[in-house]
Amino acid sequence: MSTYPDWLVAELRSDHAGETGAVMIYRGILAFCRDAELRDFAERHMATEQGHLRLLEAELPPAQRSRLLPIWRVAGWVTGALPALLGPRAVYATIDAVESFVDHHYQQQIDRLDAEGIFPELRAMLARCQEEEVHHRDEARERHAGVVGALLRGWSWMVGVGSEAAVAAARRV
């Protein structure tokens, strides 16, 4: 573990909170989903998110993690459970929305690390996590085939706005 500048600690705190929420999204999906293909998707992707969470826990000591983790756990679970009640297309659209946001979020951090030329090992770790998140997004997008109605578009928009708000809060608290 390195000593990171304050801006980077805030970013890692938001990443840790996000990965905590991501694990819970998949737990929420699995709580209600009976579709074998969707369960396989959720189990595989939850394992990846748990790996990301372990990596971030190795970089960020407990005292620097978000104090709002209980909220992120509940919010993540609900974000997975609600679409699971509506069916696979809703779940895949949700994962597409979440991972689209995460891709952008990780890219901002990678860009800043590149610009400052610092912490190449951390940058590589974030890039690997980003690559896996993009894979989740692309697999979900392929499975819903871009077919989403107005309700799912609205839900996806809310997921994106909620993700932005969660990152802003996790950076601070």
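Which is the longest part of the chain that has none of the trypsin sites (Lys or Arg not before Pro) sitting in a DSSP loop with at most 13 other Cβ atoms within 10 Å? Kindly include the intermediate steps, with their values, before the conclusion.
Working: sites that count: R34, R67.
Maximal segment without exposed cleavage sites: 68-173.
How about the range 79-173: which chymotrypsin sites (Phe, Trp or Tyr not before Pro) there are in a DSSP loop, with at most 11 other Cβ atoms within 10 Å of their Cβ? When the chymotrypsin sites (Phe, Trp or Tyr not before Pro) of the range 79-173 are filtered for loop state and at most 11 Cβ neighbours within 10 Å, nothing remains. Annotation: amide H-H contacts under 5 Å for V148 (H modelled 1.01 Å from N, sequence separation of 5 or more, or interchain): none. Indicate the gyration tensor shape class of the range 49-93 (rounded, prolate or oblate), computed on the Cα atoms with a ≥ b ≥ c the square roots of the eigenvalues: a/c under 1.5 is rounded; otherwise a/b larger than b/c is prolate and the rest oblate. The shape class here is oblate.
Stretching the chain fully between R39 and I118 yields a gain of 24.5 nm (0.36 nm per residue, less the alpha carbon separation).
Potential lengthening of the chain between L82 and D111 amounts to 7.0 nm, from the contour at 0.36 nm per residue minus the alpha-carbon distance. Computed from the alpha carbon atoms alone, the convex hull of the range 43-134 holds 104 Å³ per residue.
State which helices in the chain qualify, where a helix is a whole DSSP H run, it must extend 18 Å or more along its own axis by its Cα atoms, and its mean Kyte-Doolittle hydropathy must be at least 1.0. The partial results should precede the final answer.
Details: long enough: 6-32 (40 Å, 0.36); 36-59 (35 Å, -0.77); 69-86 (26 Å, 1.25); 88-116 (42 Å, -0.59); 120-144 (36 Å, -1.60); 150-172 (34 Å, 0.49).
Span-like helices here: 69-86.
When the chain is described by a simple charge dipole with +1 on each Lys and Arg Cβ and -1 on each Asp and Glu Cβ, the residue from A169, C129, F119 located farthest towards its positive end is A169. The distance linking the range 114-173 with the range 11-32 is 12 Å (Cα centroid to Cα centroid, whole angstrom). Of the candidates G149, G76, G162, which one comes out as most mobile in a Gaussian network treatment of the chain with C-alpha springs shorter than 10 Å? Taking springs between Cα atoms under 10 Å, the residue moving most is G149.
Readers should treat all values here as calculations from the given coordinates under stated rules, not as data from a laboratory. Not measured: the values here are computed from a predicted model. Methodologically, a virtual Cβ is constructed for each residue, glycine included, from the backbone with ideal geometry; neighbour enumeration extends over all protein chains shown.
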